[in-house]
Amino acid sequence: MNPDEAVQAILDYHKKTNHSVQSVREGNVRLDFSILPRLYKLYRRAETVALPEDVEPSDVGALAAIAGDAPTSSGVPRIEDVAALLKLSAGITKWLKVPNGRMAFRAASCTGALYHIELYLVCGDLSGLPAGVYQYGAQDNALRRVRSGDYRGALVGATAGHAGVASAPACIVYTSVFWRNAWKYQSRAYRHSYWDCGTILSNTLSVAGSRGLSAELVTGFVDDEVNRVVDVDGVREAAVAIVPFGGGSGAVAATEAPARLNLETMPYSPKEIDYPLIREAHAATSLDEAGTAVWRALDGGAQAEVGAPVTTEGPAESVERVILRRGSTRRFQLAPIGEDALRTMLTAAARPVPGDWPCIVSRPLNTLYVIVNAVDGLEPGAYVYHTEGGELELLHAGDHRFMAGHLGLNQELAHDAAVNVYFLTDLDAVTGAMGARGYRAAQLDASIRAGRLYLSAYAMGLGATGLTFFDEEVTQFFSPHAAGKNVMFLTLLGVPQKRRRVMPE
Ligand SMILES: Cc1cc2nc3c(=O)[nH]c(=O)nc-3n(C[C@H](O)[C@H](O)[C@H](O)COP(=O)(O)O)c2cc1C
């Protein structure tokens, strides 16, 4: 596929998976619970390596860590930090009582609670952990050894020498197991690979910041090489992001990616359904060596400041504790939130995302559009948020609760929440400037910012949830300002109605 065909293929994918009233009605197939996928990746034979269980909270205020404003150094992570990063990104944090037993509750929210994102640690020798490639098993908060030895050089090679990867003692590679989400969401699940990886990435970046560890997001890499390092096939399970973290371990030289091991794993379901659109979308956004070199050469590096850094004065709850107690709001009160609270959450969301995408289109890649249902001090209506000056510009005033409920796929949550925040990007401009890979960057930029909104709501004692939406109707609602843009993510913020009953881990 040449670059123009790849751009067309990903734009077609996006269009074909837009939700409309008609597509939702027609696509509403009965779920087949006899093939409900397993929630965990289980190796038939792989050595288990224990991780420290307890997460020590840091003393950095959660909001500064969430916004990426906590001071970081370039220290070598301790095994306790590695364990905290993995557990608070994708681990089990508590158990929910359900009628026929209990359900594991994860650190980050995920569409359909299907948890299709897997995490792999690729590290040099750390104190308490020998160099290797390890898969993180959420089911028992332990590592499975995939490879012994130092494979960081293969990631340096696969990222065309990304400076952060080349100086990091360890990296986390995030993959998506497409079928585990497509079981429910069919072809639209490809978008969820980025949505659900993004909410996890917000946690990873916040927890790294709160522990003083530098961390950044790498989206430009030779897919086939990274997939080989973590021993996945690139079709049913594929790498979608890399986060190098920490420093102080010296430069790592590029090496060739190893051959696949084909370690045997347990099937996820008795049978899997193939969704060609997912395969095609992933192939269209994949990079080879030449494409990765171009991406790296255009890497914008440090981003312009947006707004003032978020700081918290005096003792404040740590982001570790915020993550341990979060859980998506299932019902909102109609009650208002304060304007200051909304502005703090928007500021945190708008701070620069440490991503490696080319600096050739506007940053941030997404514009935030806000439906204010109930905010003390703000007129109800539709707004656009100007990230640089932090202003909320009123697009059209009015009580839009019913419209909000409709746009959020006719779900009460969107009607009841105090605020609906939509992330919109111009996919033609993004892919025109960056190629088809820009699609992944735009999705991740939105979902990481949305994850920050979500976490900052919890840090301030409010509630939040992600939600899906009727794509083109949302664009129309915010037009003419939003004309030509595409919806990437929706987060609801408000006052939660009732707490779920959960058991400690
Ligand atoms: C991107 C995204 C979209 C979501 N969309 C919906 C939705 O349309 N309706 C809904 O009730 N919940 C939605 N959720 C919430 C998930 O169902 C919830 O995260 C999942 O059940 C796990 O629960 P937890 O977040 O409390 O851990 C969404 C979550 C995310 C991250």
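The values are calculated or read from the model by the stated rules, or taken from the named source; none is laboratory data. On a predicted model such as this, the values are computed, not experimentally measured, just so you know. So basically every Cβ, Gly included, is an ideal-geometry build from the backbone, and we count neighbours across all protein chains shown. The area values use the complete protein model at the heavy-atom level, side chains included, leaving out ligands, DNA and RNA. Shrake-Rupley method; radii C 1.70, N 1.55, O 1.52, S 1.80 Å.
Tabulated data
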item	result
Test: residue in the range 364-382 that is of a type in the set (D, E, K, R) and touching a Leu at 6+ places or on another chain (Cβ under 9 Å)	yes
Residue within the range 227-242 that is within 21 Å of Cys171 (Cα to Cα), hydrophobic (A, V, I, L, M, F, W, C), touching a Leu at 6+ places or on another chain (Cβ under 7 Å) and assigned to a helix (DSSP H, G or I) present	yes
Complete set of residues in the range 399-428 that are assigned to a loop (DSSP other than H, G, I, E, B) and within 28 Å of Arg25 (Cβ to Cβ)	Asp399, His400, Gly408, Leu409, Asn410, Gln411, Ala417
Looking only at the range 363-398, and only at residues there that are over 24 Å from the mean Cα position of the chain (by Cα) and assigned to a loop (DSSP other than H, G, I, E, B), the one that is nearest to Met434 (Cα to Cα)	Gly389
Among (1) open to solvent by less than 10 Å² (accessible area, probe 1.4 Å); (2) touching a helix residue (DSSP H, G or I) at 6+ places or on another chain (Cβ under 6 Å); (3) of a type outside the set (S, T, N, Q); (4) under 20 Å from Leu444 (Cα atoms), the one test that Phe178 misses	(1)
Filter result (more than 22 Å from Glu320 (Cα to Cα) and assigned to a helix (DSSP H, G or I)) within the range 447-478	Asp471, Glu472, Glu473, Val474, Thr475, Gln476, Phe477
Gly149 vs. criteria open to solvent by 10 Å² or more (accessible area, probe 1.4 Å) and closer than 23 Å to Arg440 by Cα	no
Candidates Ala446, Ala433, Ala450, Ala404, filtered to the one that is of a type in the set (A, V, I, L, M, F, W, C) and at pLDDT below 95	Ala433
Every pair of residues 6+ apart whose Cβ atoms lie under 6 Å, when the first sits in the range 193-205 and is more than 22 Å from Tyr13 (Cβ to Cβ) and in contact (Cβ under 8 Å) with a residue 40 or more places away in the chain while the second is part of a helix (DSSP H, G or I) and near the ligand (Cβ under 10 Å from one of its atoms)	Ser202/Gly451
Any hit, the range 71-81, residues being surrounded by fewer than 14 Cβ atoms within 10 Å (Cβ to Cβ) and not β-branched (Val, Ile, Thr)	yes
Failed item in (1) within 12 Å of the ligand (Cβ to nearest atom); (2) without any contact (Cβ under 8 Å) to a residue 40 or more places away in the chain; (3) of a type in the set (A, V, I, L, M), with Val487 passing the rest	(2)
Looking only at the range 163-192, and only at residues there that are within 30 Å of Ser74 (Cα to Cα) and small (Gly, Ala, Ser), the one that is nearest to the ligand (Cβ to nearest atom)	Ser176
Meets criteria (within 16 Å of the ligand (Cβ to nearest atom) and touching a residue at least 12 places away in the same chain (Cβ under 8 Å)) for Ala414	yes
Flag for Leu96 being under 22 Å from Ala238 (Cα atoms) and touching a residue at least 40 places away in the same chain (Cβ under 8 Å)	no
Every residue from the range 158-175 that is crowded, with 24+ Cβ neighbours inside 10 Å and in a helix (DSSP H, G or I)	Ala158, Val165
Residues that are of a type in the set (A, V, I, L, M), within 25 Å of Pro57 (Cα to Cα) and more than 14 Å from the ligand (Cβ to nearest atom), drawn from the range 84-137	Ala84, Leu85, Leu86, Leu119, Leu121, Val122, Leu126, Leu129
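This table checks each residue for (1) polar (S, T, N, Q); (2) free of Cβ contacts under 8 Å to residues at least 24 places away in the same chain; (3) closer than 23 Å to Ala208 by Cα.
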site	(1), (2), (3)
Ala108	no, no, yes
Tyr120	no, no, yes
Tyr136	no, no, yes
Ser148	yes, yes, no
Lys184	no, no, no
